[in-house]
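Note sheet for the following structure.
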Amino acid sequence: MRRSVPVLLAAVAVTGSLAVPAAAADPTPITSPYVQAAADVTAAGVLKRAKNIDWVRHIDTGRYCVNVSDQVNVAFSIVQVELPNSNRRSFSTAPSSVCGANTVTVFTYDLKGSYVDNPFTVAIL
């Protein structure tokens, strides 16, 4: 019986570490009447606030995919990305082969051109 206790504790530890993480809380709604879609995203790619945004994926350092709901046609819209840090830059494309249809691809980088993670906001007009 004594040998089964360490094995049981090890099994519980492994099972706990493999468990699926809890889903992130739903983002706070953005109610601006002047944008078709908008997102407030953390540097880790977590969607904090949103309007007509289905999901955000952090695909690599400084690279993000922002999926816009089907009721907004990104291809015929103006996309604006803003960063809170003045020493960082961003670039976006819409749509792109990297992220798929009806998405905005956001790249954030420093003044030297190196990709860096950074929080950002997206407004789709």
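For labels at I78 and S97 in the simple 7 Å Cα→Cβ model, what's the distance in nm?
Between I78 and S97, the label points sit 2.9 nm apart.
Rounded to the nearest percent, how much of the accessible area of the range 41-125 (1.4 Å probe, protein heavy atoms only) is carbon and sulfur? List each step's numbers first, then the result.
Details: 2190 of 4470 Å².
Using a 1.4 Å probe with all protein chains present, the range 41-125 comes out at 49 percent carbon and sulfur.
Using a cut-off of 12 Å between beta-carbons, work out the net charge of the residues near K112 (Lys and Arg +1, Asp and Glu -1, K112 not included).
For residues surrounding K112, the net value is +1.
Which order do Y34, Y115, Y109, Y64 take by accessible area at a 1.4 Å probe, largest first?
Y34, Y115, Y109, Y64
Averaged per residue, what accessible area in Å² does the range 35-88 show with a 1.4 Å probe, protein chains only? Provide the component values of the computation, followed by the final result.
Working: 2810 Å² over 54 residues.
Spelled out: the 1.4 Å probe surface of the range 35-88, per residue, equals 52 Å².
The values are calculated or read from the model by the stated rules, or taken from the named source; none is laboratory data. The structure presented is a predicted model; accordingly, all values stated were derived computationally and were not measured. Please note: Cβ atoms are built from the backbone with ideal geometry, for glycine as well, and neighbour counts cover all protein chains shown. Each accessible area value is taken on the protein alone, full model and side chains, heavy atoms only, with ligands, DNA and RNA left out. Shrake-Rupley method; radii C 1.70, N 1.55, O 1.52, S 1.80 Å.
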